[in-house]
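Data first, discussion second: the structure below is written as structure tokens.
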Amino acid sequence: MPSEASVFSGRDVSRVYGHGARRVVAVDRVSFGIQEREIVSLVGQSGCGKTVLGRLLLRLEAPSSGELQYRGRPIAAERDPRAYWRAVQAVFQDPFSAFNQFFPIRSQLRSAFHLLGSKPSRRQMDERVDEALRAVNILPREIEGKYPFELSGGQMQRMLLARIFILRPQVLVADEPTSMVDACSRATILGYLLKLREELDMTIVFVTHDIGLAYYVSDRIFIMHRGQIVEEGHPDRVLAAPESEVTRQLLEDVPAVKRPWLERRRRAVAT
């Protein structure tokens, strides 16, 4: 629940689209609190409202009703959204859509500095870009002169994370950042999320349909269904003793290759 120390807090937050027979309630009167340096996962099946809630946190959409705050102030209180986006950044599902295919990767990483309050020199920008690339295990020469379409999905997802290392925001909303990459890249990207939290003292909201991934990275899990948070808690508690039928179904939906590991963890935390 919300508290004075919350980075994000919501009280009866709703997001509704359309009117009358076409009315769709995407987020339905949710209340929550997300604390400093937490990794909180929003977990649910497609259409449950988790991505819409993430967009509300990013100030890409406004609530239809309710109160949504960032560090004790309404999210919309800052007139210039760029000031908010200096503190709250995102990594999206499709990394290619976040980059212009007609400009080199390095120039686009350098353009991230326009969002910051003060712009460093060209040399300082290149040094910081190189530092960010190394932070995600990319040698600067590997992208020199290259365009987005010349890189793999996993490499492009790391470009998004490199941009986060450049901007150093206080909060990251990561919406299905591993869904377009293979298993090896998926584990690498999850490792980078944990590295961002440790190195930059970052708060992370991780949006996913995969409760197994959420268990791996999270301090707390919010289970969403039909726009509502139907269960929340520490991953061990949610895994060992799910209270909601929705949570039990998500655990059943874990791919067979991951299920033995998940079952072992379930038995371990239950004893």
Bin width 5 Å, origin at 0, all Cα-Cα pairs of segment 124-196: what percent of pairs per bin? 3, 15, 29, 26, 18, 8, 1, 0
Proximal lysine pairs, segment 6-270, alpha carbons under 28 Å, eight or more residues apart or interchain: 6
For segment 62-178, what is the Kirkwood estimate of the hydrodynamic radius, computed as the reciprocal of the mean inverse distance between distinct Cα atoms, to one decimal in Å? 15.4 Å
Measuring from the longest principal axis of the C-alpha atoms of the chain, the long axis of helix 259-270 (C-alpha) lies at a number of degrees, nearest 10, equal to 60 degrees
Rounded to 10°, Cα long-axis angle of helix 183-200 versus longest principal axis of the chain: 80 degrees
Ordering of 16-25, 210-219, 191-200 by packing [mean C-beta count within 10 Å, highest first]: 210-219, 191-200, 16-25
How do M224, M156 rank when sorted from fewest to most other Cβ atoms within 10 Å of their own Cβ? M156, M224
So what is the calculated 222 nm ellipticity per residue for the chain, using -39500 (n - 2.57) for each DSSP H run with n of 4 or more, over all residues, to the nearest 500 deg cm²/dmol? -11000 deg cm²/dmol
Taking the beta-carbon count within 10 Å as an exposure proxy, list E142, E38, E231 from fewest neighbours to most. E142, E38, E231
Just round it to a whole percent: the fraction of Cα-Cα distances in the chain exceeding 26 Å. 44 percent
Using R₀ = 30 Å, calculate the FRET efficiency as 1/(1 + (r/R₀)^6) where r is the Cβ-Cβ separation of E127 and Y147; round to 0.05. 0.85
Degrees between helix 122-135 axis and first principal axis of the chain (Cα, 0 to 90, nearest 10): 40 degrees
What's the exposure ranking of H234, H225, H114, H209, going from fewest to most Cβ atoms within 10 Å? H114, H234, H209, H225
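Values quoted throughout were computed directly from the atomic coordinates according to the rules given, and no laboratory measurement underlies them. Note that the structure is a prediction, hence the values are computed from the model and not measured. Glycine also receives a Cβ, built like all others from the backbone with ideal geometry; neighbour counts cover every protein chain displayed.
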